[in-house]
């Protein structure tokens, strides 16, 4: 059994909502020794465009692009994943260069923090817990004020329905709630900055942006829902019961329709209680044990 956390983020909570058993293994920090390359692609792209935007008004376009490409490449090699047709270093650098050409040298907004992710953790009212996470980039937009920028890459086409999903994203809502705790006011919005890995002749179809706005009421509703999920996790931990709730929708287990197969699927075939499986057995089965999950401790650099 894992130690019960005092801080929760969207990854932890959404994992529990998909499947209680998946959450258990996530908290045990068991992962396949080689992660899917799309993880490295997303992190590296975010690091690259952060470097690009940080140089606005401070360096030439060529110097900014060179730094952005070098930063993305460095980030990619931290994971050094096995590439596939979409998630490769060549495609990453191509997409990053297309991004700089498409949006040009000057944005109407500017970063309000140095490059890299900015971690946060704020007390959840009425509990002894914290809600944490890490922001891609706080920005200042003249005429609008303080906002958040969240970068996303996708292997799919950027459609209206794809962009609309961010209005319901608890990750984005949680970031805006954290902003409210920090500044005492609701941010103007969150700028969803999306790029498709599929090369298009019409470059405007390869990139998409959308401003997500939420009222203070919506942010308070979000945190009340968060507290309810944590209460459910408390119950599961107390009774050492993390059932395979994801199996109620087997696509969550085997993948399909835009979802990857669960990396813990093979463990669910074992006729044993998860807490009876030692780390040594996990390692011998091709898993590795990662350090504790603490993205809220990031400050200025991707891990």
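For residue 289 and residue 39, calculate 0.36 nm times their separation in residues minus their Cα-Cα distance, and state this gained length in nm to one decimal. Spell out each step's value before the answer.
Working: separation 250, 0.36 × 250 = 90.00 nm, distance 1.74 nm.
Going from the current span to full extension adds 88.3 nm.
Any chance you could run the full-extension gain for residue 259 through residue 224? It's 0.36 nm times the residue separation minus the Cα-Cα distance, nm to one decimal. Numbers along the way, then the final one.
Working: separation 35, 0.36 × 35 = 12.60 nm, distance 2.81 nm.
Taking residue 259 through residue 224 to full extension adds about 9.8 nm, to one decimal.
Please label the shape of segment 25-168 as rounded, prolate or oblate, based on the square roots a ≥ b ≥ c of the eigenvalues of the alpha-carbon gyration tensor (a/c under 1.5 means rounded; beyond that, a/b larger than b/c means prolate, else oblate). Let's see the in-between values first.
Values: a/c = 1.61, a/b = 1.09, b/c = 1.48.
Oblate.
Using a Förster distance of 25 angstrom, determine the FRET efficiency expected from the C-beta separation of residue 185 and residue 159, and round it to 0.05.
Approximately 0.15, to the nearest 0.05.
Among 71, 170, rank each residue by its count of other Cβ atoms within 10 Å, from fewest to most, as a rough exposure measure. Don't skip to the end; give the middle numbers.
Working: 71 23, 170 16.
Lowest count first: 170, 71.
So what's the back-of-envelope 222 nm ellipticity for the chain, counting only DSSP H runs of four-plus at -39500 (n - 2.57) apiece and dividing by all residues, rounded to 500? Walk me through the intermediate numbers first.
Values: 10 runs with 122 residues, N = 303.
Helices in the chain give a 222 nm mean residue ellipticity of -12500 deg cm²/dmol.
I need the per residue convex hull volume for the chain, using only the alpha carbons, in cubic angstrom as a whole number. Don't jump to the answer; show the numbers that get you there.
On the way: hull volume 42.3 nm³, N = 303.
Each residue corresponds to 139 Å³ of Cα convex hull volume.
Given the Cα-Cα distance of residue 58 and residue 103 and 0.36 nm per residue of separation, how much length would full extension add, in nm? Before the final figure, lay out each step's value.
Details: separation 45, 0.36 × 45 = 16.20 nm, distance 1.72 nm.
Contour length minus Cα-Cα distance gives 14.5 nm.
Since every read-out is calculated from the coordinates, none of them should be taken as a lab result. Here the structure is a predicted model, which is why all the values come from computation and not from measurement. Heads up, the Cβs are rebuilt from the backbone with ideal geometry, glycines too, and the neighbour counts pull from every protein chain shown.
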